[in-house]
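Okay, structure first, notes after.
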Amino acid sequence: MEVVTKPAELRKKRSPIFMAAGFFDGVHKGHLKVIHSTVEAAAVNDGRSWILTFANHPLSILKPEKAPSLLTTVEQRVKLLRALGVDGSIVMPFTKRLAQRKPELFIKSLLADVPALRHIYVGRNWRFGSKGRGTPDMLRTICADAGVKVSVIDSVKKTGNVVSSTAIRAAVSKADLDAAARMLGRDYSFTGKVVRGRTVGRKLGYPTANIETGNDLLFPMGVYAVEAVVGERGRIRRKGVLNYGIRPTFAHSKAGKPVLELHLFDFSEELYGEKMEVFMRNRIRGEKKFHAPAVLVRQIEKDIEKALKIL
């Protein structure tokens with residue numbers, strides 16, 4: 001999949017372009033409906049499917065204090081879009097200058113920059129331009145003059161509720177990972193890199209990989225049954241348990257920054273420096289303080305037993 005940072009980089013494209021526009025945080029089932037429609041239309045009409053999105057959330061510029069924590073990093077979004085068969089993505093940095101652009105000018109500039117554009121697909125709640133004044137109806141009116149079609153895709157519902165990034169964030173924040181997975185169409189996950197830790201887990205007989213992540217961690221502290229893929233090109237999901245917390249059993253971690261510690265079952269390879277994706281399956285329990293390491297070890301054994309039943 002080709003990735004560019006501005007629409008003008010498509011000026012020389014000759015094949016008809018079918019474009020889905022949106023932020024697509026999480027690339028959930030509602031987004032999939034928009035994206036699949038775009039990819040299928042491009043295939044039928046011998047065209048190319050493209051995504052128009054932003055690298056950063058618009059609220060990070062407009063109202064930083066109200067900017068949401070994100071379900072996916074921009075790298076995760078690009079990877080998910082590539083897996084859906086999209087031909088290309090325009091990942092634009094959202095800037096103050098762009099935020100001030102009138103909606104009419106935003107679309108007219110897009111049409112001028114992408115002369116091969118034939119059809120735009122958006123969700124019903126998509127907004128664009130300064131103060132979010134641009135609506136799908138406005139988009140349709142402006143594009144009609146240029147001979148570009150616009151399709152507005154209805155929302156998707158699960159258990160009677162509209163699937164949205166906001167609803168998924170709320171589910172993850174309550175550790176309702178089953179609900180999040182239903183709306184995402186896959187397990188909620190985060191990515192990171194293995195770094196050196198204090199080797200506390202190894203001393204207890206359960207070596208762990210300490211993970212640094214660029215994701216916003218929405219889920220509460222505790223112990224989780226997880227699966228992890230090791231390496232950027234890894235495909236095998238390995239079962240394990242993840243602890244996210246401040247390790248209160250050990251005095252040196254008092255009031256410390258929460259850390260991610262992953263123990264993989266039946267796995268002994270060196271992981272330092274490896275990238276991985278961790279898929280969250282179920283919360284086993286909250287984090288607890290134990291009066292002695294031996295008591296913690298017995299609890300870890302119980303956690304592993306529960307995780308194996310879940311996984």
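Here, each number is a calculation from the coordinates, and none is a lab measurement. From a predicted model like this one, the values you see are computed outputs, not experimental measurements. Positions of Cβ are backbone-derived with ideal geometry, glycine not excepted, and every protein chain shown enters the neighbour counts.
Worth pointing out:
- Note on H263, H31: ascending count of other Cβ atoms within 10 Å places them as H263, H31, the fewest first.
- Most positive-pole-ward Cα, V278, T5, V259, against dipole of the chain from beta carbon charges: V259
- Three-way shape call for the stretch 2-162 based on the alpha-carbon gyration tensor, with the a/c threshold at 1.5: rounded
- The GNM of the chain, with springs linking C-alpha atoms under 10 angstrom apart, assigns the highest mean-square fluctuation among G47, G245, G132 to G132.
- The stretch 96-128 residues near the modelled D154 label - backbone nitrogen below 13 Å, point 7 Å along Cα→Cβ: 124
- Between V195, V259, V295, the Gaussian network model of the chain with springs among Cα atoms under 10 angstrom shows the greatest mean-square fluctuation at V295.
- Which label in (i) 1.21; (ii) 1.14; (iii) 1.02 gives the computed Cα Rg over 2.2 N^0.38 Å: (ii)
- Around P16: net Lys/Arg minus Asp/Glu count, Cβ-Cβ under 15 Å: +4
- For the stretch 1-150, the dipole from Cβ point charges (+1 on Lys and Arg, -1 on Asp and Glu) about the Cα centre works out to 360 debye, to the nearest 20.
- Based on Cα contacts under 8 Å between residues 6+ apart, the stretch 87-235 shows a relative contact order of 15 percent.
- Positive minus negative residues near V226 (Lys, Arg vs Asp, Glu; Cβ under 13 Å): +1
- Ordering S164, P103, A41 by Cα displacement along the dipole of the chain toward the positive end leaves P103 in first place; charges were set at the Cβ atoms of Lys, Arg (+1) and Asp, Glu (-1).
- Debye, to nearest 20: dipole size of the chain, +1 on Lys, Arg Cβ, -1 on Asp, Glu Cβ: 600 debye
- Using a cutoff of 8 angstrom between alpha carbon atoms and counting only pairs six or more residues apart, the relative contact order for the stretch 188-310 works out to 33 percent.
- Distance between the pseudo-spin-label points of A8 and K66 (7 Å out from Cα toward the beta carbon): 3.1 nm.
- For the stretch 2-162, averaging the sequence separation of C-alpha pairs within contact (under 8 Å, six or more residues apart) and dividing by the residue count gives a relative contact order of 30 percent.
- FRET efficiency for V162 and E40, using Cβ-Cβ distance with R0 set to 30 Å, rounded to 0.05: 0.85
- Estimated from the Cβ-Cβ distance and a Förster radius of 22 angstrom, the FRET efficiency linking Q100 and T141 is about 0.50.
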